[in-house]
């Protein structure tokens, strides 16, 4: 099973973003992000939540609970993405995650 640091790196790469962009988004240094991705440093819960919203995952992805993780896919050139864009993408991610949760809860209430 992948560690949190390995999952974070995979999520960032899958999103097509660079460490520097993530560092700017979180207000930390690129070196800090590099150390997070190698397991030398840890994120705060707020930082982790901001990243999973940006990447389109939920925190449950780190617990191995989610079986069918489908991150949100955006078509963009990562070098053209501004910090404002990243914040909007994260908000959309949060909405999508909540929508998936609600749809699953509705489905389970119909079955049960």
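Each reported figure results from applying straightforward, stated rules to the coordinates on display, with no laboratory input. Since the structure is predicted, the reported quantities are computational estimates derived from the model, not experimental observations. Quick reminder, even Gly has a Cβ in these numbers, built from the backbone with ideal geometry, and neighbours come from all protein chains shown.
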Practice prompt. Rounded to whole Å and ordered largest first, report the semi-axes of the equivalent ellipsoid of segment 4-111 derived from its Cα gyration tensor (root of 5λ).
Written response: 25, 16, 11
Fill in: 62, 101 arranged by Cβ crowding within 10 Å, fewest neighbours leading
101, 62
Practice prompt. Would you mind calculating the relative contact order of segment 4-111 from Cα pairs under 8 angstrom and at least 6 residues apart, reporting the percent as a whole number?
Written response: 27 percent
Worksheet entry | Extension reserve of the residue 100-residue 46 stretch, reckoned as 0.36 nm per residue once the Cα distance is removed | 17.3 nm
